[in-house]
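Okay, so here's the structure we're looking at.
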Amino acid sequence: MEVGSTGILSHYDVGVQYTSMSIELSRREAILGLTSLAFAPLGMARAPKANPVGWAVLGLGSYATNQIMPAFEHCSQSKLVALISGHPDKLVRFGDRYGIPATHRYTYDSMDAIRSNPDIDVVYVITPPATHPAFAIRAAGLGKHVCSEKPMAPTVDECRKMIRACSLAGTLLQIGYRCHYEAHNLRAIKACRSGELGKITSMRSDHGFNIGRGQWRTERALAGGGSMMDIGIYSLNALRYLSGEEPVEVVATITNPSDDPRFVDCEDTVDFKLTFPSGLVGHGTSGYSWIPGKNQFEVVGSKGTMVANPATAYGGDTLTIDGRVVAVEANNQWAAQMDHFSECVRSGKKPATPGEEGLTDIRIVQAIYESAKTGEPVRLG
Ligand code: NDP
């Protein structure tokens, strides 16, 4: 039995009865580190390392300040050491709150100086998606490892440029897919792979909420799209990590209310069907006008039905199999995500959610858009 470098056993423990379907998926599982059992440390309270990896957070918006920055307290191998923002007042406010010295506070204009700051190992880009490529490529060019939020970038081409920039710079790239490091989602993947649910016959995932007006999320130029790019990524990514397969065909429809000003520039509800190589079909939806919202997935197998609701929340994820709650010890998913990347920075190992993971999602999102536009299925190579 292999023990991860954190000393915590991976959730993908041994003795798993792999189904024929999951064996077919070895390439993706290898990318995700699933078969190597070196995946997703839990991020629970552990003794801090003497020299934690230094992180700079770039973009001090809602997710950075409410989820990411507070999570450093729960990290054992990652330390918040610098801030980068377009707003000097935020640098003062959050710099003072987190004890970041003035020498480690940067604006977008002055951030090139991070090159000569040895305390900074990683730049975590937490800005609107269309700005990820420029910030990520810049950070890599300054010799820093990069973590970029999801969705990785609006286009496949931009995703490739981000991967290439990090590769050329010799730095690592992680995409902030927090659910890959979250205990309930890891347990759900195990249930799918271990035979616990029997042969998987269908799966679906639905994510949506009711968006307010005037947000960048409804501006295509910044968001790259609408609900699919943002909350829909959770539905899509869940179907991929639960099945462990990559879709070969996509069929999709988009429904936009004609009289709603929020959807003049971006899509509201997306309904998509993914066909996987094994013949398994996954249904996904995303929406920006849903009251109430949805955050769930369901996997039907020959031995049982697994439901996660909420499935990918910030807290309170709940997993049931045939109506019985599955006991899962909750973890701090953000700390787990960051500590995993810090381990990769130390070891040089590719992260569990590398740039290729983000690129694959964007490739499928683009196929979803194309299918919705043409009304035809789109084959994926
Ligand atoms: P916010 O609008 O709250 O914050 C974005 C921040 O980005 C701004 O505060 C600003 O920081 C910076 N920024 C840089 N350039 C621009 C620009 N052109 N327009 C607007 N802001 C800019 O967004 P969120 O924090 O909600 O989302 C940020 C990223 O995180 C997105 O990619 C989103 O998809 C992702 N996200 C991921 C989640 C997850 O669960 N993984 C959850 C929520 C968001 P400053 O003022 O410091 O310059």
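Key figures
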item	result
Residue in segment 152-186 that is farthest from VAL53 (Cα to Cα), counting only those that are assigned to a helix (DSSP H, G or I) and aliphatic (A, V, I, L, M)	VAL156
Filter result for LYS273 (part of a strand (DSSP E or B), free of Cβ contacts under 8 Å to residues at least 40 places away in the same chain, open to solvent by 10 Å² or more (accessible area, probe 1.4 Å) and not hydroxyl-bearing (Ser, Thr, Tyr))	yes
Scope segment 219-239; condition assigned to a helix (DSSP H, G or I) and open to solvent by less than 20 Å² (accessible area, probe 1.4 Å); matching residues	ALA223, GLY232, ILE233, SER235, LEU236, ASN237, ALA238, LEU239
Considering residues of segment 121-134 that are out of contact with any Leu (no Cβ under 9 Å at 6 or more places or on another chain) and over 19 Å from ARG363 (Cβ atoms) only, the residue farthest from the ligand (Cβ to nearest atom)	ASP121
Among (1) within 24 Å of the chain's Cα centre (by Cα); (2) touching a residue at least 60 places away in the same chain (Cβ under 8 Å) - the single one ALA327 does not satisfy	(2)
Residue list for segment 53-91, restricted to those being in contact (Cβ under 8 Å) with a residue 40 or more places away in the chain, surrounded by fewer than 22 Cβ atoms within 10 Å (Cβ to Cβ) and polar (S, T, N, Q)	GLN67, SER76
Residue satisfying condition, being free of Cβ contacts under 8 Å to residues at least 60 places away in the same chain, away from the ligand (no atom under 13 Å from the Cβ) and on the phi < 0 side of the Ramachandran plot, within set ARG187, ARG164	ARG164
Qualifying residue in segment 135-151 (condition: of a type in the set (Val, Ile, Thr) and either in a loop (DSSP other than H, G, I, E, B) or within 12 Å of the ligand (Cβ to nearest atom) (or both))	no
Single residue of THR171, THR253, THR201 found to be touching a His at 6+ places or on another chain (Cβ under 6 Å) and either closer than 30 Å to HIS74 by Cα or open to solvent by 10 Å² or more (accessible area, probe 1.4 Å) (or both)	THR171
Contacts under 6 angstrom Cβ, first residue in segment 95-118 being more than 16 Å from GLY143 (Cα to Cα), partner assigned to a helix (DSSP H, G or I), 6 or more apart	ARG105/LEU91; ARG105/GLY95
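The values are calculated or read from the model by the stated rules, or taken from the named source; none is laboratory data. Given the structure is predicted, the values throughout are model-derived calculations rather than measurements. Here Cβ is always computed from backbone atoms with ideal geometry, including for glycine, and neighbour counts include all displayed protein chains. Heavy atoms of the whole protein, side chains included, go into the accessibility calculation; ligands, DNA and RNA do not. Shrake-Rupley method; radii C 1.70, N 1.55, O 1.52, S 1.80 Å.
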